[in-house]
1. List pairs: first residue in region 17-33 and closer than 22 Å to Val7 by Cα, second residue in a helix (DSSP H, G or I) and away from ligand 1 (no atom under 16 Å from the Cβ) anywhere in the structure, Cβ distance under 9 angstrom, at least six positions apart or on different chains.
2. Within the bounds of region 89-100, is there any residue that is within 12 Å of the chain's Cα centre (by Cα), assigned to a helix (DSSP H, G or I) and closer than 21 Å to Cys236 by Cβ?
3. Here is a list: Ser78, Ser69, Ser57. Which entry is among the hydroxyl-bearing types (Ser, Thr, Tyr), at pLDDT 95 or above, over 18 Å from Ile192 (Cα atoms) and part of a helix (DSSP H, G or I)?
4. Restricting attention to region 87-102, does a residue exist that is within 22 Å of Gln199 (Cα to Cα), away from ligand 2 (no atom under 16 Å from the Cβ) and in contact (Cβ under 8 Å) with a residue 24 or more places away in the chain?
5. Please report, ordered by residue number, the helices (runs of 4 or more DSSP H) entirely within region 102-177 with at least 3 residues that are within 16 Å of ligand 1 (Cβ to nearest atom).
6. Which ones in region 34-56 are free of Cβ contacts under 8 Å to residues at least 12 places away in the same chain, closer than 30 Å to Ala71 by Cα and more than 16 Å from ligand 2 (Cβ to nearest atom)?
7. Right, Ile75: under 26 Å from Ala165 (Cβ atoms) and among the β-branched types (Val, Ile, Thr) or not?
8. Scan region 153-186 residue by residue and report those that are under 14 Å from the mean Cα position of the chain (by Cα) and charged (D, E, K, R).
Amino acid sequence: MKVSAEVCPLCDGTGWKSVSQNGDRRVTRCDCRLKARAQSLLEAARIPKRYEHCELSSFTTDFPGAHPSLAMAHIAVSRFAQEYDPGDGTGLLLIGKIGTGKTHLGVGILKELILTRGIGCLFYDYRELLKEIQNSYNASVQTTELDVLRPVFDAEVLFLDELGAVKPSEWVWDTVSLILNTRYNNNRTTIITTNFEDQPAGGVNNSMSAARSAVREETLGDRIGERMRSRLHEMCRIIKLDGLDFRQKFRSANFR
Ligand SMILES: Nc1ncnc2c1ncn2[C@@H]1O[C@H](COP(=O)(O)OP(=O)(O)O)[C@@H](O)[C@H]1O
Ligand SMILES: [Mg+2]
Ligand SMILES: [Zn+2]
């Protein structure tokens, strides 16, 4: 790369520029360094290509048939990004059916935090993360479990997309507990999406009739366990998104 060939005209490559404020001259970080930092934070966040277009400003809430919860979610999420306080640790849990815009909003928050606040963020798809951890047990692979988990534990803001999407097992539950508890104990902010309803696990001896429970949809409690579901309530504010799959909106609008 020949980056150094182009010397920044603002700072002559020093990274510092002088500005005048109320008649005083001070030295401040140059725009070229801020831009370079935002760029490297964006790369480190590992936002997948198919979500690169997602911004809070491009989330629309006034299309025909838009559910009112979308506008409310958009306001809440934008405020969260603006008022984000590194010491606070409270995250968000975005709940809704497929295509309601959960990942779009989550990625929008990450980009906002990176570009306007210079905050380190990390995107992880839940299935992808569990797969990477499992792969690390393979003797022919050089990475260890901790190599995979360290950045997940340490990221200032972690975005965990599609929580619960892996079929539950003892190992899955242990792994989710390890991740969520570690972040909780270190007071780190976690933003989470899930397609599963925020309802308790449906045990065999709950009050539902056999006929109903046979067709009943799985809940977040079923998928990550009750303990982790209640942990999430301590870690996150809950935001619900209702409505149809955004990608079907034109089709559904014609039926109105
Ligand atoms: N309200 C919206 N405004 C603009 N684009 C949207 C909106 N909702 C969803 N999309 C787009 O539709 C696609 C599916 O949304 P996504 O966020 O992946 O849904 P979910 O994560 O809830 O399944 C994405 O490309 C996203 O950018
Ligand atoms: Mg999604
Ligand atoms: Zn410069």
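The values are calculated or read from the model by the stated rules, or taken from the named source; none is laboratory data. Computed from a prediction, not measured in an experiment: that's the story for all the values here. Cβ placement follows ideal geometry from the backbone for every residue including glycine, while neighbour counts extend to all protein chains displayed.
1. Correct list of pairs: Lys17/Asp31; Lys17/Cys32; Arg29/Arg37.
2. no
3. None of the others qualify; the one that does is Ser57.
4. Of region 87-102, the ones within 22 Å of Gln199 (Cα to Cα) are 90-102.
So of that shortlist, the ones also away from ligand 2 (no atom under 16 Å from the Cβ) come out as 90-91.
Next cut, in contact (Cβ under 8 Å) with a residue 24 or more places away in the chain only: 90-91.
Scanning region 87-102, I find at least one residue that is within 22 Å of Gln199 (Cα to Cα), away from ligand 2 (no atom under 16 Å from the Cβ) and in contact (Cβ under 8 Å) with a residue 24 or more places away in the chain, so the answer is yes.
5. Correct list: 102-117, 126-135.
6. Selection gives Gln39, Glu43.
7. No, not satisfied.
8. Listed by number, the residues that qualify are Glu156, Asp161, Glu162, Arg183.
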